[in-house]
1. Here are some residues: 271, 290. Which one is at pLDDT 95 or above, surrounded by 18 or more Cβ atoms within 10 Å (Cβ to Cβ) and more than 21 Å from residue 230 (Cβ to Cβ)?
2. Taking the condition touching a helix residue (DSSP H, G or I) at 6+ places or on another chain (Cβ under 7 Å), crowded, with 21+ Cβ neighbours inside 10 Å and at pLDDT 95 or above, does residue 146 pass?
3. Among the candidates 124, 141, 69, 60, which residue alone is in contact (Cβ under 8 Å) with a residue 24 or more places away in the chain and assigned by TED's automatic domain parsing to the domain that holds residue 154?
């Protein structure tokens, strides 16, 4: 059974009742084309089928000089969609128009490209406008004080990368969502959702993806608690790794300062360990203790007499 995660402050013995408000905002991948170090330009898109099912891949007709990237992190087919990336030699090349032939497949939506002839039958005419194939399914919840939260949606049948060919991790997926929402309430209880100024930086709560988006290896199943500033250059973050029962087995911690990974603070932290989270001022804003039995986390804030706990039951 997937554990139910509840928030229980151990010093003030009361339960906090909260409701989850899901506000889905599609995280845009539609950014301008970026030139790569090898002097090439890449564009990508995703084509969703009307019906979920196995099909042959479509055929792309590309302008002269453009080629399809065959690697799974760039191009792939699953029961729901076909995503692809094309490239050509040269920097900052304008987005091309392409044709896509997909016999006997009804198309519902195109992402990362303008569908120029949606009311016509036959070949699709597309004008690309995304530098990556927008393969992710992401919801960003409204920021609460200093706390930001992103939900990465997973769909059975779309596994790729290290998740391809293994059982769909449905228990871990449900458990990590429970942990994320409970962690947000833990942050609320300890005052970090009251004001953006509660830390000099941002507290990020993120999940994981099973569909290998643009080559991101989000394996094994886990959830994140992070305190970061200066973009991704300065970051203290935990990857709480989950087993098939939804229990935490360890924290794969990483600390970055000015874009450099601090080796002595980075690595596996076992059950029973504590990680401290400083902000841009250098002050420790909170610490998180990983319970010895893997059933949850306990949070402490310097100067506060209470603690907060999230745990599985």
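The values are calculated or read from the model by the stated rules, or taken from the named source; none is laboratory data. Computed from a prediction, not measured in an experiment: that's the story for all the values here. Cβ: placed from backbone, ideal geometry, glycine included. Neighbour counts: every protein chain shown.
1. Working: 271 fails: surrounded by 18 or more Cβ atoms within 10 Å (Cβ to Cβ).
Answer to the check: 290.
2. On the way: touching a helix residue (DSSP H, G or I) at 6+ places or on another chain (Cβ under 7 Å): yes; crowded, with 21+ Cβ neighbours inside 10 Å: yes; at pLDDT 95 or above: yes.
Yes; evaluated as a whole, the condition is true for this residue.
3. Numbers: 124 fails: assigned by TED's automatic domain parsing to the domain that holds residue 154; 69 fails: assigned by TED's automatic domain parsing to the domain that holds residue 154; 60 fails: assigned by TED's automatic domain parsing to the domain that holds residue 154.
Result: 141 is the single residue among 124, 141, 69, 60 that is in contact (Cβ under 8 Å) with a residue 24 or more places away in the chain and assigned by TED's automatic domain parsing to the domain that holds residue 154.
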